[in-house]
Each structure stands twice: as structure tokens, then as C-alpha cells.
Amino acid sequence: MFSSFLDPSVANSPRSRSGDTIPNSASPDKPQPSRPRQKRSQVARACDWCRVHRVKCDNHYPCLNCQSRGGQCSNDKSNEFRTLPHAFREIERLRQRNKELQRELEEERNRNQNQITSQAGAYNPQVLTPVSLSWISPAAVTTPSGPPSIHGGSSMYWEGVYTNIAKSPAKNWYGPASLFYFINRVNCCLDAKFQHLPEQCMHLNSASKLLDGPMSPPEKPITTNQRCWVPPDDATKGYLTPTQEEYFLNIYWQAFHASLFVLYEDDFKAHYKSLWAGSRKTRKPSALVDIVLALCMQYGIAQDRGKKNPSLRGANIDLDDASLAGRWHYYRCQTLLASELESPTISTLQCNILASYWLCCASFHNIADIILAQAARTAQMLGLHLAPPKDMPPRERELRKRLWWSIYVLDCKTSMKLGRPFLLHLSPLSSPLPSDSHEVAAQSGSDYAPLDDHTTWLTWDLHNTKLFLTTRNIHTAFYDKYPELFDGEILSAAKVEAHADALITQMKALETWASNVPEVLKMQRENSGTPFSTDGSPLAIEPFAPLWVQQQRLMLELPYHNLCVNLYRPFLWLRCMASSQAATPLADSCTEACLRHAMAFTHMARQVLTSTDFLGGWNEAFQWQWNCAMTLVGFVLSCPRAELVREAREAIGAAVHALSLFGNSFAIAASAADVVRGLSVTIDTVVTQLDESKHQSLTRGGSSDVALLQTVQQQQEATPMTASVYAEFDDESIAAMQDILEGSMDMALAIDGYNGANILWPNLGMPG
């Protein structure tokens, strides 16, 4: 009852609440209350010694008790984690540590690789950086560890063939992946009997003797002073009226835009409309409009001639070939671009890309390569090789990515075709692949309908880029890992088999790519055939699909087969260069794969050309067909006793038909058809003579004919392609076949390059 008179602090003390006597604060003898006891630290598991002696242990190793007594402690943390949360935390910590170590290891490898590359610059003229992409199997692509000279191989890293383009005195270099090198190597196989290469095989005649018309007007020989371009006397000659310009510009959106997306349709149309402001008769100059017109004229005139089906076999290729249409606009485009070299823009880059494509279709591949190199450097000046800034509008970011990858694909296509070093190389900081989402397609400024829920008109561009990325990885791994293939040495059968095994493993990446292509972008087959296969099943062409969809499907599968032909083609001559006569089943399978892809391309092209006009005017498709046709010819010459020779000879006939159909549009294609037709007749004659000599040798054997035939068959099964096969040819037959190949080399120069750049001069008299 007296508690209300107490001090509040005393009343609330623990002892007052418990009813104890309140101490006198003035008493000095009263002891202070003891501090509360601290909680003992928990130990997941005590060591064995502490547990036996029932004493306190700790988490250290060794524990304090074992350390003080000098004994061995069992607390080695092997059983530290006894609970599930502790185990999960430790697993996560180890995962993070593993990622850090892998990142450090990759950086160290890249650092070492860069050091090796810089030290070997004098030995390795081609420094290739393989692309690291998640959709490419690491097992399918190998990375070169250094130049061959470091590892005891040959110092000749990339051997090629030097040859002059038509009448030019200068010789150009073409690498081991080019058609020129392949023809030269097949000639070496035929010359194996003489054990030396004839000098005339490397000193080629002019290509103009195989063409229907002279490569340049004979009354106006080319001189050094004429090699510079001069403006035409009549500045308006060869240009189009406003109505004609509108006609050809519409061709771009119908034929090119879906497979060569480097422009926004709405932006280009607005730009073109602005050029007519203030005038109804003439527009303001624009390099971009001029090169688009040149490209459309090249395609449109060729397609129109193909529909009219004229006889072009007497046409003058210099002055009358549709592939040269638009060169006036090309010239004016280059004149306007000269003022933009110091300060290039996105429009400058777009012009260079389209100009390189026009030159390639016009068969000026060296000039196209130079313009492409200029485009690559321009793109780097504009920063397109890096990821676009995040503060940039999404539409502009997508355009920058698409332009960069368009240049990269053109670089892959041109460099692998000519066998030359690549211009561009990827890095971890490279621009990402462009998107193909419905949102991006809606912002593209074009009105193409979506193909399905996950596929837009931009999906083709994404898979086409992946196709060339995958092919470039295989190309790089094959030619870098085995440089001794191309140094002129005689290879053993075991070495050839090792190369074939490596290539077969790498080619699985292309099979993976083909399986990932959406079904709506695959050209379906009849009789349950498989797209992107070599089963020979005819195409099931969809009758009511838009033209751009049909072209996208063809422009995925046709280059796929052509690229496979180029990758497998070295084994057509590698097998006959082997020093031993041992069996080479893997190399034989590569040779067969090369042949089947060439036949698949030929049959597809002929069916499309005979039943539709999808490929009418496509000069690039004609060049692919020419490449496959010469590969078929090389197969018959290098493997005259192979089981597939009869099918190959039938495919050569189909190739002649396809080239003739292309010849309705291009005069140079008509000449190519004549050349392949002549090669086919000569090959049939030589092979028939071989068959007759074999039959006569068997007939003279009398009663031992059966035994001799069995012996020959066993030898053919064991060594289907060796130097012994050519021992059956006499010297005249081998010389005749070498003459065939020399002529085909000349024709390859004619198909792949005109006589001189003067054909691009606008004052030669061809409109457009």
C-alpha cells in the first residue's frame, strides 16, 4: 500500500516487482548485480576429442583445445554442412566461384592467343577470329592454336593460284576455296602421271576467245590513260524519266527488300519524294536513289528478257548483256559518293553495300571486293561494329545492327568464294544479331504479313546470317587447322582421312542450322522428301504464296547447297594427291556429299526455272549454278571410275539446261552453257575411250576374263580414286583433258570477271 510513495525507478526494478526488500542506495557494502551470461557460440559438430571429453569446441581447424594440447583435430570441415540451407548456400557459392574461374581462364586464353597471333604476323596473312555463338556446337568448330610454322608445318599458310583477268597484265590471287584453285588442282591430278605441272596451265589464254563477242571493242584498245573514269559527253544519256524511275523503284520492294534489308521503305520513299520538291521534271541528285535504280534495272531488264525468251547466243556481252544495265546510275552514284569520303553517313554505307551487290551480279568481283572493304571501314567509322547505344531509338538501333550484319554476310560470301582473307572479325563487343520479333517488324515501315506466330519477314535475314556464320566457322576451322593441305605436298592416305573426319564432324553444325529453320521458310518436297537434303525429291512449290516468301525459301536452300559444295570440294582432288593407295572411306564420303549437293542444287534450279519465274533475272543464282556445274565436271575428271559418275554426267546435262535457261536473261550465261556442253561432250569421248580400252584388255584375257574382272573390281573398291586410275589414260588423253581444264579456267575468268573496268564507263553506248 506504500508503493505509491516510492521512487518510480526503484518501483519498476526487478527486485521490487518480485517483492524483495528495497536496498538502500547509500549502502556502500552492498555487492553489484552480476552481468548476464553470454550465449555460447553454436558448433555444428564438435571434434572427436572434445566430444569424448565433453568440453567446449569451436569452429576453427584445429580447434583451440586440440591446438593447445598439440594433438590431431578431426574437425576438418568435411562434415561441416549438416543442414539443407547450409548445403544450398555452399552449392551456390561454388557455382559462382566456378563461373569466375571459367571467365578468368577464357580471358587468359584470349590473351595468349592474341600474343601468338601478333608474334606470327609474318607467317599468317589471315588472322581469323572464330565466332562464339551459343547456337553453334563447340565440338563442331575448332580454333587454330597458331600458325603452321610454329608447330612444324609448312610456312605456306594459304597457297592459291595467280592468274590474270582476261587481257590485264597483272595477276590476281585466288585462294584454295575458289573455283579457280579447284580447276587448277584437278589439272594437277591429271598431271600426276608426269609428276610435274605444265607451265601452260598457269599461263592462261585470254578469256575473250571463249565468248561470243569481244570483251572490249577491238577498234578502241585499252591504254593506261583510259583507265580513269571520265564523265560522259551527254550528261543525260542513259538516265531514266520520272515514270521509268517509279517503275524500277517498285521492283526493289518486290524483289530485293525481303532478302536485302538495308533500307527502311517509308524513309526511302519520303527521301525520294523530297528530291522532287520544287520541280516536276528533274530531281535533286541522290547517290542512294541512283544505286537502287541501278540494281533494279539490272534485275528488271534481265527478268524481262527472260520472259521474252530471246536468242542471246550472238549477243555482244560487253554492250548488250543485261547484267550491265544501270551502269550509268552506278557511275553517278560513285561520283556523288566521292564527296562523302571524309564524312561518311549511314546513307554512304547503304550505297556501298548496294554498289558491292550490283558489281557482284555484274561479275566485277575484284571491284566488288574493294567496295566491300570500303563499306567495312565506313561501318567501323560509324561505330556499327559495336552494340548501339541504349539511349538510341529502337528503330535506329535495329537498322544499325542490320547494316553491320549485312556487311558481315557479304564479307563471308565474297571471301569464301574468292578464297581470300576475311575483312571483318567478331569480338565479344560486336553488335548483337538483329531481332525478328513482331514488334520490330511492325516498326520496319513495310507491310509484309506475318508467316506464323513466331516468324516474320525478318526471320529470313536472321537465319541467313546464321547460315554464313556457321559456314564461316567451318571454313575457318578447316583451312586453319590443316594448312598443309594446300602447300603442294604429297599427302598420305591417313592424313587425308584425318582431314575428312574433321570436316565431317564440323559439318554437323550446318545440319543443326538446317533443323532450326522454321517450317514456313523451308521449300517443301513431294513424295515425303526432306528440305535441305540431297534425296533428289522434286520441289512441292506452293502455288499461292507471295513472291517474296518463295524467294526467301529459295535463297535459304540454294546457297546452303552451294556452300556445302565449296566446303566438301577439296576432297575431289585431295584423294588423287595421296601418296599411297590405301582405302579412304571418309574422303570418299566427302566427295560423294560434294557431288550430291551439286546435283541437288542443279535439279532444284532447273525445276524452278522451267516451272516458275522466281529465279528469272537473279545473276547470283546463275553464278551458283556455274560453280556447281564446274564441280560436276571436276568430279567426272577426277573420279572417272566412281560409282556416281553416271549420275554426275546426267546432272551435267541438267546443268547445261539450267544455264541455257539463265542464258535467256544473261548473254554470259548462254556462253557458259555452251562451254559446259562442250566440256560434257569431250569428257564423254575420253571416258568412252577409257571404257573401250578396259573392255579390250579384259577381252584379250581369254579364260581368265572373270578372274581379271574380279581383280579390277577389287582394286576399284579398295582405291576408287588414286593415281593408278590415270595410268589407264594415254598421254594424248591426259593432255586433252588438261586442255579442257585450261579452257574451263579461261571460262571461269570470263564468268567471274569482265575484261576490264572500262566496261563500267557510261560512254560505251548502252542505255541504262
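Quick note: the coordinates plus some simple rules give every number you see, no bench work behind them. On a predicted model such as this, the values are computed, not experimentally measured, just so you know. Positions of Cβ are generated from backbone atoms using ideal geometry, with glycine treated the same way; all protein chains shown enter the neighbour counts.
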Using alpha-carbon positions, the gyration tensor of region 421-571 gives root eigenvalues a ≥ b ≥ c; with a/c under 1.5 called rounded, otherwise prolate if a/b exceeds b/c, else oblate, the class is oblate
Work through the residues other than residue 522 whose Cβ is under 15 Å from its Cβ and net out their charges, Lys, Arg +1 and Asp, Glu -1.
-4
Can you sort 365, 60 by how many other beta carbons sit within 10 Å, fewest first?
60, 365
Residue by residue through region 84-95, what is 3J(HN,Hα) from phi via Karplus (6.51 cos²θ - 1.76 cosθ + 1.60, θ = phi - 60°)? Round to whole Hz and write x for glycine and proline.
5, x, 4, 5, 5, 5, 5, 4, 5, 5, 5, 5
Once amide H atoms are placed 1.01 Å from N in the peptide plane, what residues at a sequence separation of 5 or more from residue 172, or on another chain, have their amide H within under 5 Å of its amide H?
163, 164, 165
Estimated vicinal HN-Hα couplings, Hz - region 405-421 in sequence order (Karplus 6.51, -1.76, 1.60; Gly, Pro = x)
6, 5, 5, 5, 5, 4, 5, 4, 5, 6, 5, 5, 5, 8, x, 9, x
Please say if region 331-468 is rounded, prolate or oblate, where rounded means a/c under 1.5 for a ≥ b ≥ c the square roots of the C-alpha gyration tensor eigenvalues, and otherwise the choice is prolate for a/b larger than b/c and oblate otherwise?
prolate
Taking 7 Å along the Cα-to-C-beta vector as the label spot, tell me the residue 342-residue 370 distance in nanometres, rounded to one decimal.
2.2
Listed by chain and number, the residues whose amide H is under 5 Å from that of residue 386, excluding neighbours fewer than 5 places away on the same chain and using placed H, are 431
Using Cβ counts within 10 Å as a stand-in for footprinting exposure, how do 247, 252 rank, fewest first?
247, 252
May I ask you to order 170-177, 263-270, 458-465 by the average number of other C-beta atoms within 10 Å around their residues, highest value first?
458-465, 170-177, 263-270
Taking the beta-carbon count within 10 Å as an exposure proxy, list 466, 390 from fewest neighbours to most.
390, 466
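How would region 588-670 be classified by its alpha-carbon gyration tensor: rounded, prolate or oblate, with rounded meaning a/c under 1.5 and the a/b versus b/c comparison settling the rest?
In terms of gyration-tensor shape, prolate.
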